[in-house]
Structures are given as structure tokens and as C-alpha cells.
There are 2 protein chains.
Amino acid sequence: MKEGPSIATIAALIGDPARANMLGALMAGRALTAGELAREAGVRAPTASGHLARLSEAGLVLVEAQGRHRYFRLSGPDVAHVLEGLMGLAARTGRLRTRPGPRDPALRQARTCYDHMAGEWAVRLYEGLLADGRLTAAEGQVSLTEAGRSFFRAEGVDLSALEAGRRPLCRACLDWSERRPHLGGTLGRAILDHAVARRWVRPSTEGRALTVTPPGLMALRAWVGDAVTPLSETIGRAGG
Amino acid sequence: MKEGPSIATIAALIGDPARANMLGALMAGRALTAGELAREAGVRAPTASGHLARLSEAGLVLVEAQGRHRYFRLSGPDVAHVLEGLMGLAARTGRLRTRPGPRDPALRQARTCYDHMAGEWAVRLYEGLLADGRLTAAEGQVSLTEAGRSFFRAEGVDLSALEAGRRPLCRACLDWSERRPHLGGTLGRAILDHAVARRWVRPSTEGRALTVTPPGLMALRAWVGDAVTPLSETIGRAGG
DNA sequence: CGATTGCTTCGTCCTCCGCCGAAACGTCGG
DNA sequence: CCGACGTTTCGGCGGAGGACGAAGCAATCG
């Protein structure tokens with residue numbers, strides 16, 4: 001109890017399995033109702049309600065009442081960032097007490113990481129953009145090259161809007177399943193929006209998984225170049 | 001217990017006050033003995049021993065036996081990074097259940113953040129380097145300008161060594177007390193080493209606090225330029 | 001060689017908290 | 001209005017785990 005109890009409180013809040021599952025579900029970026037989160041966490045409604053009250057009181061999630069539903073979402077990217085960091089630690093350090101569930105392959109392949117893409121596909125995309133000279137990672141810092149800027153402008157991405165805020169355009173976000181970086185930042189977010197809008201990927205109705213559609217397969221392959229292994233072998237395992 | 005128990009395990013590990021205090025103490029970057037950590041956490045030796053066993057089994061800390069002492073340290077920058085993230089969340093979200101203790105002003109002023117400097121001084125340093133055109137933060141990505149490279153070379157910093165590894169040279173690390181970024185990465189580390197070697201700052205014998213020595217005051221002020229407010233006025237001021 | 005110090009293991013106590021069922025509150029639909 | 005549904009509050013149960021003292025090893029010192 002000397003100087004830093006607050007960090008313990010926050011960590012303990014995340015440290016309960018039920019609450020961790022809820023937060024993990026919210027990593028998909030969507031707002032979910034208390035009932036959905038209860039199911040996601042594998043607990044009854046009263047239990048979930050208590051957990052959610054504590055999470056929102058601590059400011060980790062925000063709640064919005066809508067009719068008889070209450071929608072919860074993460075209170076910001078910083079929360080998501082810490083959660084991803086914890087996943088990284090868990091992947092690096094933990095024995096895998098988590099028996100690899102049936103849904104895991106789909107998650108490993110493509111998923112949302114709060115507001116951008118993660119998983120095999122995201123890592124490939126990142127490495128493809130690097131290989132094509134559209135991104136550069138000098139000194140470990142990612143930035144968009146001139147070629148990359150014209151590429152995304154041609155795709156219809158409004159780069160100046162993405163650079164308006166305080167949040168960086170490009171950020172290397174360590175993928176906890178692949179152990180290699182993928183693209184975060186506002187550009188990462190824009191790419192996910194882009195891909196969803198063009199039906200290249202379809203977010204799972206619940207959960208973080210992303211399904212890559214056939215046209216998406218073509219489009220993404222064009223983005224990442226032909227040098228990349230065809231994905232077809234890994235698609236369609238463990239439907240959901 | 002659905003898909004993500006591992007993150008809960010790690011977070012729960014950090015979520016105990018005694019363990020959190022130990023990890024916080026290790027954020028100073030030094031290796032500490034079990035006894036020191038017990039004192040730091042405010043628990044007896046047996047309790048501390050149990051906690052440290054769990055922390056090292058989970059891979060959050062590394063242990064090295066030396067005579068009858070056992071030295072513990074954080075297992076890597078990723079652990080420190082997650083801890084800093086948690087501190088940020090705690091500062092942003094938490095009601096301040098932590099009454100601002102007497103030691104806090106010193107910590108706010110200058111402290112170590114695992115292996116680089118944090119606190120008021122570190123933020124000033126960062127902003128001074130930016131203002132002088134030695135660092136550039138285009139697109140939210142920090143990098144060293146040509147002027148900056150010559151500056152640090154002249155100071156005797158071996159930049160190529162710093163760029164050798166996988167870890168980035170410059171990283172903007174959010175300062176949880178100042179809520180503004182300071183400099184991390186290998187350059188951040190080198191600056192701390194530099195400042196310690198030249199007796200500009202003196203690490204507290206225990207804890208993360210850094211004391212700025214009178215010559216250090218001169219030197220750092222020269223680094224950050226005269227435009228920066230003298231430190232004397234802001235010492236002991238709280239809040240933001 | 002015996003005393004001291006640092007750390008761990010063991011056994012025990014005890015508090016905390018996560019879980020649920022039952023019931024209350026509110027919203028929506030007939 | 002009344003019933004269905006989503007959510008919260010309440011009360012009680014049970015288990016996990018954090019705390020300590022005493023004792024056991026191991027290394028250092030006189």
C-alpha cells in the first residue's frame with residue numbers, strides 16, 4: 001500500500017476471468033449489451049451486471065442506455081492498448097493453460113484489434129506494404145512513404161483527415177498471436193473501415209473474428225503482392 | 001473461461017497490491033533482492049517470497065541468485081510498457097484513492113521509467129529537443145533529425161550502437177504524471193545513462209525518484225534551451 | 001566451527017469476492 | 001392495462017488466496 005495502489009486496482013479489475021472475457025469481447029470495437037457480455041463471459045446476468053458496474057465505475061468501459069438495453073464499450077484506445085499489451089505478455093510468458101479452443105484458428109487468421117485488423121492477414125498486409133515500399137519502418141518507426149501516400153489516395157483514403165488528430169497515422173502494433181507487428185494508428189483503422197465497406201472482410205456477428213470474403217481475397221492479395229503465400233489453405237477452418 | 005484466460009491470469013498477478021508495489025519498485029530498472037522487495041511491498045519475507053515465486057514462474061520477472069541474495073528484475077521492456085500503460089489508465093480513470101503521498105512531488109519531478117527518464121524534467125527535455133529541431137515528431141512518430149544526430153554524437157553518444165538492435169531508437173512514451181509524452185527507446189535509455197554517468201541526476205538509493213544535481217540543472221537547461229521555464233517555480237506544484 | 005543473515009517451505013487463519021437464485025424495477029409490445 | 005424481457009439489487013453460499021509465525025536450508029562472517 002505504499003505508493004501505487006491504483007495500478008493494482010485497475011489490474012485486479014482486468015484480472016478476473018469473467019471481466020477479462022468481457023473486455024476481450026469489447027476489443028472487437030463494437031458496443032455490446034449487458035446480456036451479450038454475460039453470455040460472452042459465461043456468467044449469469046446478475047453476476048455480469050455487478051462486473052459491468054465495477055468496470056464502468058472505474059472508467060474502463062462507457063455505458064449508454066438505449067431503451068431497455070444498456071450498451072457497453074471500451075472507454076478508449078488506451079484501454080485497448082493495455083489489453084493488447086497484456087495479451088502479448090500472456091503469449092510470451094504464459095504456459096498455455098488456455099486449451100486452444102475451436103474458435104482460435106479463425107481468430108488467429110483475422111480479427112479486429114479494437115479498431116484495426118490483427119491476425120495472420122493483418123501481419124501479411126503490413127509486411128506486404130513494407131515490401132512494396134509503401135510503408136517504411138526506419139528506426140522501428142513506421143511511416144507512409146510517398147508511394148504509399150499516392151497508393152492510399154488512389155484507393156480513396158483521405159489521409160489528411162487521418163492526420164488531423166493527435167493520434168499517430170501509423171503505429172506498429174505487436175500482434176500477440178503472430179508475434180510480429182501489424183499496422184495500427186488511424187491508417188490501420190481506415191484500412192479496416194475500407195475493407196469492411198468494400199465487403200472484403202465481414203465482422204463476425206459476435207466476437208472479434210473477421211471473415212475474409214472471396215473478393216476480399218483478391219483485393220488483399222493485390223495489396224500485398226503475389227509473393228505472399230495464398231491464403232486459401234487456411235480459410236474456412238472452424239466456421240463461426 | 002471462454003477464450004482468454006491467460007490475460008486474466010497475468011492481470012490478476014499484477015492486480016495484487018503487494019505484487020504491484022514490487023513491480024513498481026522494479027520499474028526503476030535496477031535488480032532488487034527479495035528482502036528489499038518485501039520492504040517495498042510492505043509485507044513480511046515469507047509473503048514476498050511466495051509472490052516473487054509466482055511472478056517469476058509467470059515470466060514477469062527474472063531472478064538471479066548471487067550468494068545468499070536473490071536479485072529480481074523485470075523480464076523485459078514489454079512488462080514495463082504494460083505497467084506504464086496501467087499507470088496511465090489509473091491516472092486517467094481512477095478516482096484518486098491514492099492520497100498524494102509526501103514522496104509524490106519528487107516522483108513527479110524526475111524518475112526512471114524502467115530504463116529511461118520520466119516526469120516533469122523528461123517531458124521538458126523531450127519538448128526542448130523537439131523545439132530545437134533535434135527531434136521531429138512527424139505523424140506522431142518520433143525520429144532524430146540530422147541536427148539531433150550531430151548533437152548527440154558531439155555529446156559522445158554512440159548512435160549506431162543504439163540502432164543496432166530491434167528496439168527503436170526513439171519512442172514517444174506517455175508520461176502518466178504529466179499526461180504528455182517523453183522520450184523512450186534506446187536513445188531515451190542512453191540519455192539516462194549519460195545523465196547518471198555525468199552526475200546530472202542521482203538515482204535514489206531505493207525507489208524510482210531521480211534527484212537533479214546543480215550541475216545537472218545547468219546541463220539540462222542548456223539542452224532544453226532557455227525558453228523553458230526555470231524549474232524552481234514548478235517544484236512542489238500539484239495537479240494538471 | 002558456530003552464529004548470523006537471507007530466503008524458502010509449511011501449516012493455519014481469515015478475509016474477500018465471485019457466483020447464483022429470488023425478487024424488484026423499468027421498458028416494450030399486445 | 002398486463003405479460004414478456006432486460007437489467008439491477010439483495011442475501012447467502014462457497015472457495016480461492018493472501019497474510020503471518022515457526023521451522024528448515026544455504027551462504028557468509030567472525
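The values are calculated or read from the model by the stated rules, or taken from the named source; none is laboratory data. The structure displayed is predicted, hence computed values, not measured ones. Here the Cβ is made from the backbone with ideal geometry for all residues, glycine too, and neighbour counts use every protein chain on show. Keep in mind that these areas ignore ligands, DNA and RNA; they rest on the heavy atoms of the full protein, side chains included. Shrake-Rupley method; radii C 1.70, N 1.55, O 1.52, S 1.80 Å.
Summary table below
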item: Enumeration of residues in segment A:49-64 that are within 8 Å of DNA strand C (Cβ to nearest atom) and over 23 Å from the mean Cα position of the chain (by Cα); result: A:50, A:54
item: Subset of segment A:55-72 [open to solvent by 60 Å² or more (accessible area, probe 1.4 Å), more than 22 Å from residue A:8 (Cα to Cα) and more than 7 Å from DNA strand D (Cβ to nearest atom)]; result: A:64, A:65, A:66, A:67, A:71
item: Output for segment B:168-185, where each listed residue is in contact with a Lys or Arg (Cβ under 9 Å, 6 or more places away or on another chain) and at pLDDT below 70; result: B:174, B:176, B:177, B:178, B:179
item: Residue count, segment B:23-54 (criterion: open to solvent by less than 10 Å² (accessible area, probe 1.4 Å) and within 10 Å of another protein chain (Cβ to nearest Cβ)); result: 4
item: Among (1) within 16 Å of DNA strand C (Cβ to nearest atom); (2) not in a helix (DSSP H, G or I); (3) not aliphatic (A, V, I, L, M) - the single one residue A:30 does not satisfy; result: (1)
item: Boolean, residue A:23 is within 12 Å of DNA strand C (Cβ to nearest atom) and either assigned to a helix (DSSP H, G or I) or at positive phi (or both); result: no
item: Residue A:126 being closer than 30 Å to residue A:53 by Cβ and either modelled with pLDDT of 85 or more or not assigned by TED's automatic domain parsing to the domain that holds residue A:27 (or both); result: no
item: Members of segment B:34-74 found to be hydroxyl-bearing (Ser, Thr, Tyr) and part of a helix (DSSP H, G or I), listed by number; result: B:47, B:49, B:56
item: Selection within segment A:134-156 - in a loop (DSSP other than H, G, I, E, B) and either at pLDDT 85 or above or polar (S, T, N, Q) (or both); result: A:134, A:141, A:145, A:155, A:156
